[in-house]
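*Asks:* Sharing a structure, written as structure tokens. Questions coming.
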Amino acid sequence: MPKKPPGTRLKDLTRGKQPRFFDVQGVDELVSITMGLAQELWAVRERLAAVEALGKEGVSAAAVEAYEFSEEERAALGQERKEFIERIYFVLREGGD
């Protein structure tokens, strides 16, 4: 998924009023969040399928389960988690402006 430039909000990149599909407040945002999570989940499933395919060549499911991340890897994952949350919930912040 391409990342937007730092400091640029999605709302700044679009023109005009954002379309509304549901009359009830918050439903459009909930659908947007759900679709974002679905996209992220599918990417993870594809990566897992690749790991499982590689398992035939020596990477076992047990090895994946037993793997312990280094401090550097944990820090990188922490940053990725923040970016993930930013991507998924940006609609709630943008809608409040």
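What follows draws every value from the coordinates through simple rules; no lab data is involved. Please read these numbers as outputs of a predicted model, since none were measured by experiment. So basically every Cβ, Gly included, is an ideal-geometry build from the backbone, and we count neighbours across all protein chains shown.
*Asks:* What would the Debye equation give as log₁₀ I(q)/I(0) for region 26-95 at q = 0.13 Å⁻¹, counting only Cα atoms as equal point scatterers?
*Replies:* Values returned for q = 0.13 Å⁻¹ are -0.56.
*Asks:* What full-extension length gain, to one decimal in nm, is calculated for GLU72 and ALA50 as 0.36 nm per residue of separation minus the Cα-Cα distance?
*Replies:* 5.6 nm is the gain from fully extending GLU72 to ALA50.
*Asks:* First measure r as the distance between the Cβ atoms of GLN25 and ALA63, then evaluate 1/(1 + (r/R0)^6) with R0 = 41 Å and state the FRET efficiency to the nearest 0.05.
*Replies:* After rounding to 0.05, the efficiency reads 0.30.
*Asks:* Exposure proxy check: SER60, SER32, SER70 ranked by fewest other beta carbons within 10 Å?
*Replies:* Ascending Cβ contact count within 10 Å gives the list SER70, SER60, SER32.
*Asks:* Can you sort ASP23, ASP28 so the residue with the fewest Cβ neighbours within 10 Å comes first?
*Replies:* ASP23, ASP28
*Asks:* Got a sec to turn the phi values of region 58-73 into Karplus ³J(HN,Hα) couplings, 6.51 cos²θ - 1.76 cosθ + 1.60 with θ = phi - 60°, whole Hz, x for Gly and Pro?
*Replies:* Computed from phi, the couplings for region 58-73 are x, 9, 9, 4, 5, 5, 5, 5, 8, 4, 10, 6, 6, 4, 5, 5 Hz.
*Asks:* Tally Lys/Arg at +1 and Asp/Glu at -1 over every other residue whose Cβ is under 15 Å from the Cβ of TYR67; what's the total?
*Replies:* Numbers: positive: ARG47, ARG74; negative: GLU52, GLU65, GLU68, GLU71, GLU72, GLU73.
Neighbour charge sum, excluding TYR67 itself: -4.
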